[in-house]
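Read through the structure below, which is laid out as C-alpha cells, and then see the notes.
We did not get these values from a lab; they are worked out from the coordinates using the rules stated. Because the structure is a prediction, the values reported are computed rather than measured. Cβ sites come from the backbone with ideal geometry, for glycine too, and all protein chains shown count toward neighbours.
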Amino acid sequence: MSVESTVRAVTTLRLTEMKQRGEKIAMLTSYDYSMAKIVDATGIDVILVGDSAANVMAGYETTLPITLDEMIYHARSVVRATKRALVVVDLPFGTYQGNSKVALDSAVRIMKETEADAIKMEGGEEILESVQRILTAGIPIMGHLGLTPQSIHKFGTYNVRAKEEVEAAKLVRDAHLLEEAGCFACVLEKIPAALATRVSQELRIPTIGIGAGAGCDGQVLVIHDMLGINKGFSPRFLRRYADLDTVITGAVSQYIDDVKSLDFPNEKEQY
Ligand code: KIV
C-alpha cells in the first residue's frame, strides 16, 4: 500500500473548502469498528469518536468518567474501519484542562496510538494555551463551544447556553480566539440559532452545530440517539432516523421464542 492511499479522502482543508462553496458538512459519532464501517461507507464527512461514549457505550450519567485509555481504545477501533471520513477524537475530561504540557501529551497519545486525524477540545479562552501548544505540534483541533458537557457540574443543567448577552459575547470572542489560534472547525452545542448563525457567518472555519440551528456549516448527532437506540434522550433538536430499540427488541424476542420452542436451529442451520 502506498503512503498516499492511507490518507483519508476527507481532510481538514476539504472541510474549509466545503464551507467556502456552501456545501453542508455531515458528522456523526461512532465508537466501535462495526458501526464505523457502516457509517464510513455511507459517505459521511466526519466521524467523531465523542466522549459521549461515556454515556451511550459505558452507561455513565456524564462524560466525565471516561479515561484517555478508553478513548484510545474506541478511537483505534473506529480508525481501523474508516477509509474515507475524517476521524476526530475527543480529548476526555481531565487530560487537557489547566496544564498545556499534559494537554500536549494527551493529544500526542491520541494521534500516535490511534492514527486518527484530529482531536476535539471543549472550551475557549480558558484552554487557549493548551490549544496553541497542541497546534504548534501539528495536531489539528476542532473546538467545542456553547454547552460543553465536560463542564456540566459548573453549569448545573444541560439547558440551552448563551441566551444572555454576556455569555453570548464571550462565546463569539472564544470562537474568534479558536479560529485565530488555528483550529480547523468548531462545534457549537445547544445555543440559540441566531447566535450560531452569526458565529458561522463571522468565522472562516466551519461550524458544526448540535441543537444550534440551520445556520451552522454542518451538523452532528450522537449515532445512538439518531438511530433510536438510546430512547431515553429526546431533546427538541434530535431527529430520529430509525427506531432500532424496537427493531432489536423484536429480533431478540423472536430469537428467544425460537430457541424455547425448538424452532432454532433447524436442520439447515446445523452441521
Ligand atoms: O461527545 C460527543 O458526542 C460530542 C458531540 C455531541 C458534539 O461532543
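Using a Förster distance of 41 angstrom, determine the FRET efficiency expected from the C-beta separation of residue 239 and residue 102, and round it to 0.05. Present the calculation step by step, with values, prior to reporting the outcome.
Details: r = 38 Å, r/R0 = 0.92.
Once the sixth-power term is evaluated, E becomes 0.60.
Rounded to two decimals, what is the ratio between the C-alpha radius of gyration of the range 138-271 and 2.2 N^0.38 Å? Please report the intermediate quantities before stating the final value.
Details: Rg = 21.7 Å, N = 134, 2.2 N^0.38 = 14.1 Å.
Here the Cα radius of gyration is 1.53 times the empirical estimate.
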Q: With just the Cα atoms of the chain, tell me how far they stretch along each of the three principal axes, in Å, largest first.
A: 67, 47, 38
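Mind sorting 79, 89 by how few other Cβ atoms lie within 10 Å of their own Cβ, fewest first?
Working: 79 20, 89 27.
Lowest to highest Cβ neighbour count: 79, 89.
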Q | Spin-label proximity, residue 23 to the range 74-107 - amide N less than 18 Å from point 7 Å beyond Cα toward beta carbon | A | 83-87
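Which order do 57, 111 fall in if you start with the one that has the fewest other Cβ atoms within 10 Å? Can you show the working numbers first?
Details: 57 16, 111 20.
Ascending Cβ contact count within 10 Å gives the list 57, 111.
Rounded to the nearest 500, what is the 222 nm mean residue ellipticity of the chain from helices alone, with -39500 (n - 2.57) per DSSP H run of 4+ residues and division by all residues? List each step's numbers first, then the result.
Numbers: 11 runs with 112 residues, N = 271.
Roughly -12000 deg cm²/dmol at 222 nm, from the helical runs in the chain.
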**Q.** Sparsely packed chymotrypsin sites (Phe, Trp or Tyr not before Pro) within the range 171-245, loop by DSSP, other Cβ within 10 Å at most 14
**A.** 233, 241
Q | P(r) tail fraction, the range 3-154 - alpha-carbon pairs more than 24 Å apart, % | A | 30 percent
**Q.** Contour minus Cα-Cα distance for residue 231 and residue 176 (0.36 nm per residue)
**A.** 16.2 nm
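List the trypsin sites (Lys or Arg not before Pro) in the range 162-215 that DSSP assigns to loop (not H, G, I, E or B) and whose Cβ has at most 12 other Cβ atoms within 10 Å. Which are they?
163, 204
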